[in-house]
1. Could you check segment 20-38 and list, in sequence order, the residues that are open to solvent by less than 70 Å² (accessible area, probe 1.4 Å), in a helix (DSSP H, G or I) and touching a residue at least 12 places away in the same chain (Cβ under 8 Å)?
2. Just one of the numbered conditions (1) modelled with pLDDT of 90 or more; (2) farther than 15 Å from Ala294 by Cα is not true of Val29; which one?
3. Pro207 passes all but one of (1) loosely packed, with under 15 Cβ neighbours inside 10 Å; (2) without any contact (Cβ under 8 Å) to a residue 60 or more places away in the chain; (3) of a type outside the set (Ser, Thr, Tyr); (4) over 21 Å from Thr329 (Cα atoms); which number fails?
4. Criterion first (modelled with pLDDT of 95 or more and either open to solvent by less than 50 Å² (accessible area, probe 1.4 Å) or within 19 Å of Gly298 (Cβ to Cβ) (or both)) does Thr54 satisfy it?
5. For the subset of segment 266-308 comprising residues that are among the aliphatic types (A, V, I, L, M) and at pLDDT below 80, which member is most open to solvent (accessible area, probe 1.4 Å)?
6. Which one is modelled with the lowest pLDDT, of the residues in segment 238-251 that are assigned to a loop (DSSP other than H, G, I, E, B) and not acidic (Asp, Glu)?
7. Going by the structure shown, is Glu235 open to solvent by 20 Å² or more (accessible area, probe 1.4 Å), among the acidic types (Asp, Glu) and modelled with pLDDT of 90 or more?
8. Which residues, counting only those in segment 122-153, are of a type in the set (Gly, Ala, Ser), surrounded by fewer than 21 Cβ atoms within 10 Å (Cβ to Cβ) and assigned to a strand (DSSP E or B)?
Amino acid sequence: MTGLMFLLRRALRPPWMQLLLLYVLVLAVLLPLIGQGKRHSYYFRASAHLAGQTEQALADSLERAEEAESYFREAADGGEEGEDGEKPHMAVVIVTTVRSQGAEYRYYLQVAAALHRLLRRCPWCRHYRLMGCNVHPRPAEHWQAEGAASRLVPVVRRFADGGAGQPQPESEPFEKEKADYLFCLSRGLALQPRYVLVLEDDALPSPDLFPVLRDVLERRLAARDPLYVKLYHPERLQGFLHPEPARIVEWAGLGALGGGLLFYLHRRLTGGWASSLSSPRAFCALAALCMLAAEGYGRVYLLEARRASPQLYAMSPASHCCTPAMAFTARGAARALRYLRARRCRPGFAKDSALYEALRDEGDTAYVVEPNLVSHIGLYSTLRGVIGQPSL
């Protein structure tokens, strides 16, 4: 045993061997252990964890649906909530329709109940107005929106039930989706609020949605006039290696910070290989290790540390996809209506693509907040009908 230890120490005497060992321990031992259950990590073991995580997410969704239905049933027994008649500071609009698949999860009720609870607990949200926007061609069939929940969350309808001369749904599904969105955004804007928040009916809000929105809209963007602020970006697209320049800068900064810290600690504590290698080489090697570890583990999980305070949430220029939750200033909402009306949607060019095209063509600005302020809980797409993995 003594001879083996002597050989091991001798083998590890060269600084590059110690560095190689550190890389192996971090990238091939530590991260596989802690990342195997993280769905958006490079180390995620789908065969071992995906089925169980999906089953748990769906069970949680059903439980939230039951709680939401009970919440509205019990709250509605106390009568309808009145409105104070003043112009709302923010209009919160939920775009909703009947889903042919996954109806048992009652997404609208989940989202509406979560928003209603958050607004009740929010001390400065007295003048926030919550409303549902029913865009189903036969609105009475949408029992989630038109039932007990409507006593607490008033509903506007895009279509009327029956009757001649009523507007008909667009034949192109992607154009109808855009027209639905335009209708709901315009109805929120008609209340003459300062801000409009539009959510799709499978965008479950995080508990700190309104504190973060208040900080973003009323402090950070108070002197700006963005077209919109995105509150959700798919987790699978939030890695460092996607083509957003701000993330590359963030990644390099994280590597520099982590590499510098490791270099300093090793030099102070051991005086070992970090001091025997030239400082630039040692620093670069450690910075590269930190960058590889961060990307491998998953940027989306590192972002969770920012939830400690609304002021820590990151903001960067908005990218292409997607629109589950969007916040607008009143002027931004008016511009978005104008831009979208001038564009026709089709397969491969949905409303998020139309908005992003308008953003570039008009030279406007838009932002995305990270980490996400909503979770996408939808199992089925109302347009594409494909099964998706709900956010965990």
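The values are calculated or read from the model by the stated rules, or taken from the named source; none is laboratory data. Just so we're clear, the structure is a prediction, and the values are computed from it rather than from any experiment. Here Cβ is always computed from backbone atoms with ideal geometry, including for glycine, and neighbour counts include all displayed protein chains. Quick note on the areas: whole protein, heavy atoms, side chains included, nothing else; ligands and nucleic acids left out. Shrake-Rupley method; radii C 1.70, N 1.55, O 1.52, S 1.80 Å.
1. Matches in segment 20-38: Leu22, Tyr23, Val26, Leu27, Leu31, Gly35.
2. Val29 satisfies all of (1) modelled with pLDDT of 90 or more; (2) farther than 15 Å from Ala294 by Cα except (2).
3. The number of the failed condition is (2).
4. So Thr54 fails the test.
5. Leu269
6. For segment 238-251, the residue satisfying everything is Pro243.
7. Values: open to solvent by 20 Å² or more (accessible area, probe 1.4 Å): yes; among the acidic types (Asp, Glu): yes; modelled with pLDDT of 90 or more: yes.
Taking the combined requirement at face value, the residue satisfies it.
8. none
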